[in-house]
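Enquirer: Pasting a structure below so you can have a look.
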Amino acid sequence: MALFNHVVTWLRKNRVLLPGVSVLARQVSEARTAAERRLYDAVARATHRADPALAPALAGLLDVPEGKRVSELERLRTPPTKTTGTAMVRVMERVEEISAFALGRVNLSRVPVNRLSALARYGQLSKAQTIERAPEPRRTALLTAVVRQLEAQAVDDALDLLAVLMANRLISPARRASDRERLAMLPQLEKAARVLAKASKILTEELDLVAEHDADLDVAALRAAVEEAVPRTAVSSAVATVEALVPEDDGSAEAAMREKLALRYNTVRPFLALLGESDALGAAPAGRRLLKAVRRPPRSRTEGSRTGRCCPARSTSNWCPRCGSGRCSPTPSYPRAPWTGMRTWCAPWSSCTAH
């Protein structure tokens, strides 16, 4: 409709006799069809130019694997719905599968970004059967645009899920543990503060009296007045309690928080390792040192669960740590089982019959 209105405006501005509405609508439709055809041809040619085998590989996403109900494209288009360690493994596998097409090598610099985005949105909303029935080169163009967009979405989903896991499994528990410790120390601190406040009040009153009468300070009488209200042992004990519970530096809360974060590092270290193992995730020049550190995270004191059990992927037995039995077997589709970061199981042990 916008193109039709633009044509009418141009004809009137240039004083051209307006044709019939149906004629003008047909010409606009033909021009739009020609532009779409050129777009499909440009994207398909760029795909074939990058790799002749890329188009057939993309078309393979439209097939429904044996025993499955949806195509591979539908599976890759499904975002994560759970915030668990197993879901993180699935998300990273999704990133690897999509990035394996390496669509960054397809040179689409001559294609307008908005046209390519519109093509990707249409493909995202279309069913796999609709794309499969599309003629060439439209099918190849749609698959190229969709998978290019899915690659960015998959990386965003992985980073979003990592942020949620870091918040739920590292930052929030560490903050709660730090707050619990500080609350546990509060009664002792309150008792010591009351003792010191009482002693300070008497000391201040006596000093004010000395200053008011311009008399000499009698240290022995001052000490006796303070000890009459608060014993010296109570004052010494209160001072020791305050010195122990209240550090001299101002960042005591942050230091306690960092200590709790370090204690829970094993919970999230596998998530960081998963990010480091992915070749699809890179970094800007300023973040390459951080990415290098993530790819080689420091190992903490323990490996695996609290009970000392190691990851079943590193074991030759079929013992399943989720149910404690040997009824499970690793999923064949996993050549190397990545540790999910959970304390008790690996992702390949998904065939367990006890959960």
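The values are calculated or read from the model by the stated rules, or taken from the named source; none is laboratory data. A quick note: this is a predicted structure, and the numbers were derived from the prediction, not measured. Every residue, glycine as well, gets a Cβ built from its backbone with ideal geometry; the counts of neighbours run over all protein chains shown. Side chains are part of the model used for accessible areas, which takes the heavy atoms of the whole protein and leaves out ligands, DNA and RNA. Shrake-Rupley method; radii C 1.70, N 1.55, O 1.52, S 1.80 Å.
Enquirer: Using the scaling law 2.2 N^0.38 Å as the reference, what is the normalised Cα Rg of the stretch 126-259?
Expert: 2.37
Enquirer: Moving on to the next point. Through the Karplus equation 6.51 cos²θ - 1.76 cosθ + 1.60, θ set to phi - 60°, convert the phi angles of the stretch 104-111 into ³J(HN,Hα) values in whole Hz; use x for Gly and Pro.
Expert: For the stretch 104-111, the Karplus curve yields x, 7, 7, 7, 10, 5, 8, 8 Hz.
Enquirer: Now a separate question. Between rounded, prolate and oblate, where does the stretch 89-144 land on the alpha carbon gyration tensor, with a ≥ b ≥ c its root eigenvalues, rounded for a/c under 1.5, else prolate if a/b exceeds b/c?
Expert: Verdict is oblate for the stretch 89-144.
Enquirer: Using per-residue counts of other Cβ atoms within 10 Å, averaged over each peptide, order 88-95, 56-63 from highest down.
Expert: Ranked by mean Cβ neighbours within 10 Å, highest first: 88-95, 56-63.
Enquirer: Can I ask one more? Please report the orientation-averaged projected area of the stretch 102-181, defined via the convex hull of its C-alpha atoms, in nm².
Expert: Directional mean of the projected Cα hull area for the stretch 102-181 stands at 7.8 nm².
Enquirer: From the Cα gyration tensor of the stretch 1-52, with a ≥ b ≥ c the square roots of its eigenvalues, which class applies: rounded if a/c is under 1.5, or else prolate if a/b is larger than b/c, or else oblate?
Expert: Verdict is prolate for the stretch 1-52.
Enquirer: Share of the stretch 16-174's accessible area from carbon and sulfur, percent, 1.4 Å?
Expert: 55
Enquirer: Under a straight-distance cross-link criterion of Cα-Cα below 19 Å, which lysines are reachable from Lys191, leaving out those fewer than 8 residues away in the same chain?
Expert: Lys191 reaches Lys201.
Enquirer: Distances over 21 Å make up what percent of all Cα-Cα pairs in the stretch 154-233?
Expert: The answer is 59 percent, as a whole percent.
Enquirer: Could you sort the peptides 16-22, 147-153 by per-residue average Cβ neighbour count (10 Å cutoff), highest mean leading?
Expert: 147-153, 16-22
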